[in-house]
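The structure appears below as structure tokens.
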Amino acid sequence: GERISEGAAQVGVPEEAAAAVVLAETANMTGLRDEQLAIRFEPYAFYQRTGNWLVATHKDQAAEYQVFEQARSASPDAAHESLRMGVAQLSGSEAVAAGFESARQMFDAMGNSETAQIDGMFNLIANDRELRGAMEQADWQRVAELRAGPGYGALGYDDALAANADAYARALGRPAHGDDDDEDKPKRKRSRPRR
């Protein structure tokens, strides 16, 4: 939380927006062992780089690592570039924008430090004006599209981002996005509870 707060202030996005990305990306990670870097192998990205298609079930982290090891034995650079990594699931193809020399170096650094995972996310936000603007405006559909591609709606990614941002803001004692504290604006009607 503290590192997210500091990083958000440095790049100029709301703390809850940065936290929303982390919470949405880590929500469905199953089978993750202690100190293990969370990954997701993207077979289409690997195919684009190598012409070699590998089946990825995305069942759990053991399955992700199994297909990643197959890819790494065939083409180490392409395998690392075809990964999403860490608490924000940054793509290996985003390594330089995230402040790393290469996808392999990003994998090693993130595997050794959660701080490197958080810092990588903020480096990417700082270097991506469009993503930063969407996060500033709480435009969750645009954030989802930029992070997950045009199929984000089928994943419910935009809804997850919005819900996580609101929950995080409330946990900090702040009004959630869309909460209305202005007296001159019409209030939402609330139904009366049944007796």
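Results for (1) of a type in the set (Gly, Ala, Ser); (2) surrounded by 14 or more Cβ atoms within 10 Å (Cβ to Cβ); (3) at pLDDT 95 or above; (4) touching a Pro at 6+ places or on another chain (Cβ under 7 Å), shown as yes or no for each residue.
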position: Trp140; (1), (2), (3), (4): no, yes, yes, no
position: Arg147; (1), (2), (3), (4): no, yes, no, no
position: Tyr152; (1), (2), (3), (4): no, yes, no, no
position: Arg174; (1), (2), (3), (4): no, yes, no, no
position: Asp182; (1), (2), (3), (4): no, no, no, no
position: Pro186; (1), (2), (3), (4): no, no, no, no
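Can you list the helices (runs of 4 or more DSSP H) found entirely within region 25-83 that contain at least 3 residues being surrounded by 20 or more Cβ atoms within 10 Å (Cβ to Cβ) and among the hydrophobic types (A, V, I, L, M, F, W, C)?
Here the list reads 61-74.
Listed here are the residues, each with its yes/no results for (1) of a type in the set (Gly, Ala, Ser); (2) under 16 Å from the mean Cα position of the chain (by Cα).
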| site | (1), (2) |
| --- | --- |
| Ala9 | yes, no |
| Val13 | no, yes |
| Asp34 | no, no |
| Phe46 | no, no |
| Ser93 | yes, yes |
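Any idea which residue in region 84-115 is least open to solvent (accessible area, probe 1.4 Å), counting only those that are in contact (Cβ under 8 Å) with a residue 60 or more places away in the chain and not hydrophobic (A, V, I, L, M, F, W, C)?
Gln89
Of a type in the set (D, E, K, R), in a helix (DSSP H, G or I), closer than 13 Å to Ala20 by Cβ and modelled with pLDDT of 85 or more: which single residue out of Asp108, Asp166 fits that description?
One residue alone meets the criteria, Asp166.
The values are calculated or read from the model by the stated rules, or taken from the named source; none is laboratory data. From a predicted model like this one, the values you see are computed outputs, not experimental measurements. Cβ: placed from backbone, ideal geometry, glycine included. Neighbour counts: every protein chain shown. We work out accessible area using only protein heavy atoms, side chains counted, and drop any ligands, DNA or RNA first. Shrake-Rupley method; radii C 1.70, N 1.55, O 1.52, S 1.80 Å.
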